[in-house]
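Heads up, the thing below is written out as structure tokens.
The values are calculated or read from the model by the stated rules, or taken from the named source; none is laboratory data. As the structure is a prediction and not an experimental result, all values here were calculated from the model. Here the Cβ positions follow ideal geometry from the backbone for every residue, glycine too, while neighbour counts run over all protein chains shown.
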Amino acid sequence: MSQDDPHPKTQIAGKPLAKNNSVEPSPVVSGPVSSIVKQPVETRPKIIRFAPVIAIVSTVALLVCGIGHFSTVIVDFARTKDIIEASKDVVEMLAVAAGGVWAYFKFVKGRTFKESLIPAVSGKFASIDGAIYLFATTRIKNVGLSKIEFDREGSALILFEYNPSSQNEIHTVADNRLTSFDVFGDKDRYIEPNEVIEGQRFIAVPNPPKLAYRLEVEIASTAGFTWRASNIVDKNSLNDIIGKELIGI
């Protein structure tokens with residue numbers, strides 16, 4: 001230490017030294033220091049939120065600019081009228097063509113007003129005083145939307161019989177047409193949409209009956225359409241009836 005300095009500077013641990021009338025902080029760090037970084041404010045949701053408003057304002061501004069730009073143009077009203085009338089004619093032609101296509105698919109392809117019947121026939125045996133009878137029921141329903149007039153002479157209820165065969169292999173049993181009957185009554189000339197016509201006929205058959213009988217109904221219309229339905233009635237049903245009569249049921 002120099003003797004010329006009567007007041008030597010001493011450094012105290014943990015305290016800053018005074019130099020040129022300024023205070024310098026101590027570089028000593030006691031522990032880790034975490035720095036705080038400011039994040040920028042997210043502005044994207046606000047832009048998305050106001051996007052419709054911006055789009056509307058922009059559209060209105062474009063319309064105003066367009067009106068201001070074309071306001072000085074002289075309009076030829078006669079020519080404009082001709083263009084409007086021509087456009088009207090084109091639209092009417094397209095509407096007529098579209099209506100024709102719709103009508104074609106509705107009435108031709110869809111068969112909306114085509115004649116449509118669902119015929120059905122059923123039969124059962126009855127044993128009365130030792131005689132055998134066949135009880136036939138016919139049912140005709142108009143499922144279309146048009147009135148159908150019957151061709152009475154072209155319509156019939158036909159009765160077939162099946163004869164036993166001695167063949168052992170699998171084959172189709174041959175049938176034999178016996179007779180035919182009228183389907184309709186005197187007042188049955190036509191059928192309305194959703195109308196149902198039922199008819200019944202009591203037919204006497206030889207005793208003992210054959211292997212089976214087939215009832216076939218054929219309905220014809222004056223427009224040239226024909227509908228058919230059939231049903232086979234075997235003699236097993238007659239055996240059930242006779243068995244019930246024997247035991248007194």
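So Asp82 passes all but one of these: (1) of a type in the set (Asp, Glu); (2) surrounded by 12 or more Cβ atoms within 10 Å (Cβ to Cβ); (3) at pLDDT below 75. Which condition number does it fail?
(2)
Residues are listed down the side, and each one gets a yes or a no for (1) hydrophobic (A, V, I, L, M, F, W, C); (2) closer than 22 Å to Phe125 by Cα; (3) free of Cβ contacts under 8 Å to residues at least 40 places away in the same chain:
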{"site": "Asp182", "(1), (2), (3)": "no, yes, yes"}
{"site": "Val196", "(1), (2), (3)": "yes, no, no"}
{"site": "Gly199", "(1), (2), (3)": "no, yes, no"}
{"site": "Ala204", "(1), (2), (3)": "yes, yes, no"}
{"site": "Pro208", "(1), (2), (3)": "no, yes, no"}
{"site": "Tyr213", "(1), (2), (3)": "no, yes, no"}
{"site": "Val217", "(1), (2), (3)": "yes, yes, no"}
{"site": "Ala220", "(1), (2), (3)": "yes, no, no"}
{"site": "Gly224", "(1), (2), (3)": "no, no, yes"}
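Of the residues Gly199, Gly185, Gly130, only one is at pLDDT below 90 and either at negative phi or among the aliphatic types (A, V, I, L, M) (or both); which?
That would be Gly185, the only listed residue that is at pLDDT below 90 and either at negative phi or among the aliphatic types (A, V, I, L, M) (or both).
Which pairs turn up if I take residues in segment 138-153 that are within 25 Å of Val233 (Cβ to Cβ) and look for partners that are surrounded by fewer than 16 Cβ atoms within 10 Å (Cβ to Cβ) and modelled with pLDDT of 90 or more with beta carbon separation below 6 Å, at least 6 apart in sequence or on another chain?
Filtered contacts from segment 138-153: Arg139/Ala120; Arg139/Glu198; Lys141/Ile118; Lys141/Val196.
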